[in-house]
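One structure is given below, encoded as structure tokens.
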Amino acid sequence: MDSKEKAGSIAKFASDKKAKSILLLDMEGLSSVTNYFVICSASNSILVQAIADNVEDKMAELGIFHAHKEGYAGGRWILLDYGDVVTHIFLDEERDFYNLEQLWADAPSEAFEEKKE
């Protein structure tokens, strides 16, 4: 699975648990650390944790495990590092404050929209 496909899978798994405003940032050529950011948010910390749990569980079912997880206990900003894809799951107000979309404004971005079957 390439980086873009992995980012799309993570976005879908986040969407399955009602993540909002899911954005994929193509970091290739801008970051030596990762190829994609997946950024999403939720209205409360319990939902932020549920989104992270679902992403982690579904990726594990695909045999893909994160190298690092940060922020889970607080549930305000959870980072799941899959190497070539880093996932940021924010509480709404934390996302507004840190504004990664603006910080990485040079990165090509695409909003995730689940395909209807």
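Of note:
- Leu24 being in contact with an Asp or Glu (Cβ under 8 Å, 6 or more places away or on another chain) and not in a loop (DSSP other than H, G, I, E, B): yes
- Selection status of Ser9, touching a Phe, Trp or Tyr at 6+ places or on another chain (Cβ under 7 Å), of a type in the set (Gly, Ala, Ser) and either under 20 Å from Glu114 (Cα atoms) or open to solvent by less than 70 Å² (accessible area, probe 1.4 Å) (or both): no
- Neighbours by Cβ (under 6 Å, 6+ apart or cross-chain): first from the stretch 47-76, more than 19 Å from Met1 (Cα to Cα) and small (Gly, Ala, Ser); second open to solvent by 50 Å² or more (accessible area, probe 1.4 Å) and not in a helix (DSSP H, G or I): Ala50/Lys17; Gly71/Trp77
- Hits in the stretch 27-38 - residues which are open to solvent by 20 Å² or more (accessible area, probe 1.4 Å), out of contact with any Ser or Thr (no Cβ under 7 Å at 6 or more places or on another chain) and either free of Cβ contacts under 8 Å to residues at least 40 places away in the same chain or not aromatic (Phe, Trp, Tyr) (or both): Glu28, Gly29, Leu30, Ser31, Ser32, Val33
- Among the candidates Ile64, Ile78, Ile51, the residue that is surrounded by 14 or more Cβ atoms within 10 Å (Cβ to Cβ), at pLDDT 95 or above, of a type in the set (Val, Ile, Thr) and in a loop (DSSP other than H, G, I, E, B) is uniquely Ile64.
- Failed criterion for Lys58 (all others in (1) charged (D, E, K, R); (2) closer than 15 Å to Ser9 by Cβ; (3) not in a helix (DSSP H, G or I) hold): (3)
- Residue, farthest from Ala14 (Cα to Cα), within the stretch 81-98, restricted to residues that are open to solvent by 60 Å² or more (accessible area, probe 1.4 Å) and out of contact with any strand residue (DSSP E or B) (no Cβ under 8 Å at 6 or more places or on another chain): Phe97
- When the residues of the stretch 27-48 are filtered to those that are aliphatic (A, V, I, L, M) and in a helix (DSSP H, G or I), the one that is nearest to the chain's Cα centre (by Cα) is Val48.
- Filter pass, Lys4 being of a type outside the set (Val, Ile, Thr) and part of a helix (DSSP H, G or I): yes
The values are calculated or read from the model by the stated rules, or taken from the named source; none is laboratory data. Here the structure is a predicted model, which means the values were calculated and not measured. As a convention, Cβ positions derive from the backbone with ideal geometry for all residues, glycine included, and neighbour counts pool all protein chains shown. Protein only, heavy atoms only, side chains kept; ligands, DNA and RNA dropped before computing areas. Shrake-Rupley method; radii C 1.70, N 1.55, O 1.52, S 1.80 Å.
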